[in-house]
Structure formats: C-alpha cells, structure tokens
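These notes concern the structure reproduced below.
The values are calculated or read from the model by the stated rules, or taken from the named source; none is laboratory data. Remember, it's a predicted structure, so these values are computed and weren't measured experimentally. Positions of Cβ are generated from backbone atoms using ideal geometry, with glycine treated the same way; all protein chains shown enter the neighbour counts.
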Amino acid sequence: MSNYNVLHQPYMIGIVEIPNRFAVLPMSLGALSYDEEGGYSDNLINYFSLRAKGGFGLIITGAATILKAVWEAYEAANSI
C-alpha cells in the first residue's frame with residue numbers, strides 16, 4: 001500500500017467536504033488572465049475549469065478586481 005493513498009481521500013474544511021487532497025494554489029497567471037474590467041478573462045475561467053475537470057479537489061483562485069477604478073489604477077501603475 002502506497003504512502004500516498006491519503007491524497008485520494010476526502011477531507012473536511014468546516015462543513016465542506018473536499019473530494020481529495022489535491023489543490024491548485026493562488027498564483028498570478030499574467031495580465032492576459034483578466035478582462036478589460038479587471039475580472040477573470042475567459043482564458044482564466046477555462047484554465048480553472050480544466051483543472052477542476054482534471055480532478056483537483058480544491059482550487060484557490062488569485063485576486064480579481066471588482067471595481068473598474070481599481071483595475072485602471074493597477075494598469076496605470078504597471079504600464080511604466
């Protein structure tokens with residue numbers, strides 16, 4: 001029996017059961033990951049969707065802007 005079998009077992013986070021112990025951690029995937037409003041682009045949504053379909057039990061996404069003004073400030077600061 002492998003020492004890694006535990007990775008395939010479910011576990012609980014509070015009242016939520018995670019189907020296995022494989023996780024995608026938050027990371028920056030570059031400017032192409034966001035749309036013109038600062039939300040997730042279709043490419044980034046597809047990226048996470050494929051990982052979910054591939055069997056990851058937990059996916060923690062990175063930050064997304066919810067206000068256009070914040071996104072514009074981010075773009076201005078990073079266009080130097």
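Quick one: would you say VAL70 is touching a helix residue (DSSP H, G or I) at 6+ places or on another chain (Cβ under 9 Å), free of Cβ contacts under 8 Å to residues at least 60 places away in the same chain and surrounded by 10 or more Cβ atoms within 10 Å (Cβ to Cβ)? No. Here SER2 passes the criteria (1) assigned to a loop (DSSP other than H, G, I, E, B); (2) touching a residue at least 12 places away in the same chain (Cβ under 8 Å) except the one numbered (2). Only one entry in PHE56, PHE48 is without any contact (Cβ under 8 Å) to a residue 60 or more places away in the chain and assigned to a helix (DSSP H, G or I), namely PHE48. Residues that are modelled with pLDDT of 90 or more and assigned to a strand (DSSP E or B) within segment 5-45 comprise TYR11, MET12, ILE13, VAL16, GLU17, ILE18, ALA23, VAL24, listed in sequence order. If you go through segment 1-54 and keep only what is of a type in the set (A, V, I, L, M, F, W, C), exposed (fewer than 10 other Cβ atoms within 10 Å of the Cβ) and more than 30 Å from ASN78 (Cα to Cα), you end up with MET1, MET12, ILE13, ILE15, VAL16. Test ALA64 against the stated conditions and say whether it is modelled with pLDDT under 90 and assigned to a loop (DSSP other than H, G, I, E, B). Against the criterion (modelled with pLDDT under 90 and assigned to a loop (DSSP other than H, G, I, E, B)), ALA64 qualifies. Scanning segment 24-45 for residues that are under 10 Å from the mean Cα position of the chain (by Cα) and among the aliphatic types (A, V, I, L, M) gives VAL24, LEU25, MET27, LEU29, LEU44, ILE45.
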